[in-house]
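Notes follow once the structure below has been shown.
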Amino acid sequence: MRPDFKKMQNMIPAIVQDVNTKQVLMLAYVNEEAYDMMLKTHETYFYSRSRQELWHKGETSGHLQYIKSMYLDCDADTLLIEVEQVGVACHTGSYSCFFNEVLPEVKKITFVGDEHA
């Protein structure tokens, strides 16, 4: 099954996740060329919307992403890519691009006991 690139200007979003920890590392966009390169090389490739060109993640920084699995969502218009990350994923130097907490006052709810079993 191939992604449906026609829905969103010939590219689809790709969520990149650490294969071991399941931490979400980044979100980027993939066009058909990037998708085909990933199938061929098992490394992540994206389409840079700002530079309007193919982008091999880690090519200049050495922070490569080795693809361990890829999944399409139910509509075939979003990819989930599980990777082995070398170094960091974010250009800021953070392991994940998702480190800015939006709702810090919201606490995780913990259920005690079996009343919700």
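Values quoted throughout were computed directly from the atomic coordinates according to the rules given, and no laboratory measurement underlies them. This structure is a prediction, so every number in the text was calculated from the model and none was measured. Here Cβ is always computed from backbone atoms with ideal geometry, including for glycine, and neighbour counts include all displayed protein chains.
Could you list, in sequence order, the residues of segment 49-93 that are surrounded by 14 or more Cβ atoms within 10 Å (Cβ to Cβ), assigned to a loop (DSSP other than H, G, I, E, B) and not hydrophobic (A, V, I, L, M, F, W, C)?
Passing the criteria: K57, G58, H63, D77, T78.
Pick from segment 23-48 the residues that are without any contact (Cβ under 8 Å) to a residue 24 or more places away in the chain and either touching a Phe, Trp or Tyr at 6+ places or on another chain (Cβ under 7 Å) or of a type outside the set (D, E) (or both): which of them is surrounded by the fewest Cβ atoms within 10 Å (Cβ to Cβ)?
K40
Quick check: anything in segment 51-58 of a type outside the set (V, I, T) and in contact (Cβ under 8 Å) with a residue 60 or more places away in the chain?
So far as segment 51-58 goes, no, none of its residues is of a type outside the set (V, I, T) and in contact (Cβ under 8 Å) with a residue 60 or more places away in the chain.
State which residue is farthest from V88 (Cα to Cα) when the search covers only segment 1-48 and only residues that are touching a Ser or Thr at 6+ places or on another chain (Cβ under 9 Å) and part of a loop (DSSP other than H, G, I, E, B).
P3
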